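Data block below; observations after.
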Amino acid sequence: MTGPPLDLRPSAAAQTPLDNPFSLGVASGDPSPDGFVLWTRLAQLPLDDDGLGGMGQGVRRVEWQVATDARFRRVVRSGVSRTGPEQGHSIHLEPSGLEPDRDHFYRFRLDRHLSPVGRTRTAPRSTSVPSALSVAFASCAQWEHGWFTAYRRMAEDEPDLVLHLGDYLYEYDPGFEPARSGNVRSHEGPETVTLADYRRRHAQYKTDPDLQLLHATAPWVAVFDDHELTDNWAADRPGPSTAPGRFDDRRTAALRAYWENMPLRRSAYPQGPELKAHRRFGWGRLATFHMLDTRQYRDQQACGDGMGTCEETWEPTRSILGEEQEAWIADGLRTSTATWDVLGQQVPMGRLELSPLEIDRLSMDSWDGYPACRDRVLASMREATNPVVLTGDVHDAFATEVWADHEDPDSVAAPELICTSITSNGDGEDSPDGSYRWGRTNPQVQFWNDLRGYVALRFTAEELRADYRSLPYVRVPGAPAFTRASFAVEAGSPRLHQVG
Ligand SMILES: [Fe+2]
């Protein structure tokens, strides 16, 4: 006798009362030459509306191991860690004293349950000169808009490192934001406002097997943008589409849940509504990564957060980073001795006209709304050897350059590589000639594409190569990824060259 076919969708599995406490997978992040962060979060019922994942008020002892081989024959660290409702049943370990520049494997155990095995990597020693580094970066994964196949394709590339540039999840009510190609699945619970809401939303996203695979494949360095809290928020104010309410409480809840659910260091644990996310890490002398936070310390968007500049835009004191972070990035760029200085950040830094015909259709939510601050950062970039800007947010891929003067093509300050979304907007359209359809108003843009996907980078001492990886669809699972265009930047010159 045969029953109805088994529903294997992750949303179906998540609703089945399983007793596996590792239903949200494992993750690692923030690698250093002697360690990294290891993460898991216990949840037997990930979608429970109290946000506690069916783990209740109990405190549990979780055993863990780190080995240099995938079969755990050479265990180099092990221990026991406690977690409970105060931490949202998450574990954040920071094993140290490990060998630099090598793969490590890790797993957790609770009673008879063993977690999946994760692979991670220590960074090279700061004085070493690694021959190459592979990095994949992505942003914007609206659960409802498509399947996270692009995360799986990233994992299959086995990069050394994953950068996530924000919009890891979306706060919206179920069905609030329909994708162009239609929504394929539904958010659980209402728009996220409370700690329980955000914890549950994170848990729902983490049930996705493609996302779990990417977390278990490489260390991540993640920064948040707006949707981890609410659309277009700025410092202590919600965006224009959100009722003010008790924004401080909401920000506290969202950032606490973000910390609990990401492989972040314990020192990053939020202080009230503040989570220190800007940070720096190195990959030997080959690359230094400066991760920026363009949300928590920004001045309010100018001109009512509209499209287009006004007098307010040009105020010299306006900042998207805040004074302290501006000083921090200036200092980091001035003192860096790396071949490549990579700025991992959320919103487009270079000028980006949003209309093919009109000038001054600029987003006041991006660096175009903070031109004085951009000028200051570009001045600091001139002190770095090879600055590179990596960006998310806009749900389209761009290969572009940041020009110090938008009327002077010789004023290139840095290449800017903008990834498309993992799913946000749903299925995209391929641009037949790979050119930017609004190139007339954007001479700095060399490539634009509206398909979903990610960007795969390879750094060497001579060159940075960027492959723009595209997926023909996300409305059904299993899409292949293909390289839609490739660009190179040669060490010594900030210009982008298309090479494929
Ligand atoms: Fe987004």
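Is there any pair with a first residue in the stretch 90-109 that is in contact (Cβ under 8 Å) with a residue 40 or more places away in the chain and a second that is open to solvent by less than 30 Å² (accessible area, probe 1.4 Å) and acidic (Asp, Glu) whose Cβ atoms are under 8 Å apart and which are 6 or more apart or on different chains, and what are they?
SER90/GLU260
Report, ordered by the first and then the second residue, all pairs with beta carbons closer than 8 Å, sequence separation of six or more or different chains, a first member in the stretch 412-428 that is farther than 18 Å from ARG465 by Cβ, and a second member that is in a strand (DSSP E or B) and within 10 Å of the ligand (Cβ to nearest atom).
SER421/SER139; ILE422/SER139
Please work out which one of (1) within 16 Å of the ligand (Cβ to nearest atom); (2) charged (D, E, K, R); (3) open to solvent by 10 Å² or more (accessible area, probe 1.4 Å); (4) touching a Pro at 6+ places or on another chain (Cβ under 9 Å) is the condition ASP197 fails and give its number.
So ASP197 meets the others, but not (1).
Test ASP50 against the criterion of being more than 24 Å from the chain's Cα centre (by Cα), open to solvent by 20 Å² or more (accessible area, probe 1.4 Å), modelled with pLDDT of 95 or more and of a type in the set (Asp, Glu), and give yes or no.
Yes: the conditions hold for ASP50.
Would you be able to say whether some residue in the stretch 323-335 is in contact with a strand residue (DSSP E or B) (Cβ under 7 Å, 6 or more places away or on another chain), part of a loop (DSSP other than H, G, I, E, B) and within 26 Å of PRO124 (Cα to Cα)?
No: the stretch 323-335 contains no residue that is in contact with a strand residue (DSSP E or B) (Cβ under 7 Å, 6 or more places away or on another chain), part of a loop (DSSP other than H, G, I, E, B) and within 26 Å of PRO124 (Cα to Cα).
Hey, can you tell me all the residues within the stretch 354-366 that are within 16 Å of the ligand (Cβ to nearest atom) and either in a helix (DSSP H, G or I) or surrounded by fewer than 24 Cβ atoms within 10 Å (Cβ to Cβ) (or both)?
LEU354, SER363, SER366 - these are the residues of the stretch 354-366 that are within 16 Å of the ligand (Cβ to nearest atom) and either in a helix (DSSP H, G or I) or surrounded by fewer than 24 Cβ atoms within 10 Å (Cβ to Cβ) (or both).
Going by the conditions given, is ASP160 within 26 Å of PRO46 (Cβ to Cβ) and open to solvent by 20 Å² or more (accessible area, probe 1.4 Å)?
Here the answer is no, as ASP160 does not meet what is asked.
Could you figure out which of (1) in contact with a Ser or Thr (Cβ under 7 Å, 6 or more places away or on another chain); (2) surrounded by 15 or more Cβ atoms within 10 Å (Cβ to Cβ) isn't true of GLU99?
GLU99 satisfies every listed condition except (2).
Every residue, every condition in (1) in contact with a strand residue (DSSP E or B) (Cβ under 6 Å, 6 or more places away or on another chain); (2) of a type outside the set (Ser, Thr, Tyr); (3) open to solvent by less than 20 Å² (accessible area, probe 1.4 Å), yes or no:
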residue	(1), (2), (3)
GLN212	no, yes, no
VAL221	yes, yes, yes
ALA243	no, yes, no
PHE247	no, yes, yes
TRP259	no, yes, yes
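Which residues, taken from the stretch 377-397, are within 12 Å of PRO348 (Cβ to Cβ), hydrophobic (A, V, I, L, M, F, W, C) and part of a loop (DSSP other than H, G, I, E, B)?
VAL394
Could you tell me how many of the residues in the stretch 377-403 are of a type in the set (Phe, Trp, Tyr) and open to solvent by 20 Å² or more (accessible area, probe 1.4 Å)?
Residues in the stretch 377-403 being of a type in the set (Phe, Trp, Tyr) and open to solvent by 20 Å² or more (accessible area, probe 1.4 Å): 1 in total.
Just to be sure I understand the filter: pairs with C-beta atoms under 6 Å, separated by 6 or more residues or on different chains, first member in the stretch 441-465 and without any contact (Cβ under 8 Å) to a residue 40 or more places away in the chain, second member of a type in the set (D, E, K, R). Which pairs pass?
Filtered contacts from the stretch 441-465: GLU463/GLU490; ARG465/ARG458.
Kindly state which strands (runs of 3 or more DSSP E) lie completely within the stretch 400-490 and contain at least 3 residues that are of a type outside the set (Gly, Ala, Ser) and within 16 Å of the ligand (Cβ to nearest atom).
452-459
The values are calculated or read from the model by the stated rules, or taken from the named source; none is laboratory data. Note that the structure is predicted; figures quoted are calculated from it, not measured. FYI the Cβ positions are ideal-geometry reconstructions off the backbone, even for glycines, and counts take in every protein chain you see. Each accessible area value is taken on the protein alone, full model and side chains, heavy atoms only, with ligands, DNA and RNA left out. Shrake-Rupley method; radii C 1.70, N 1.55, O 1.52, S 1.80 Å.
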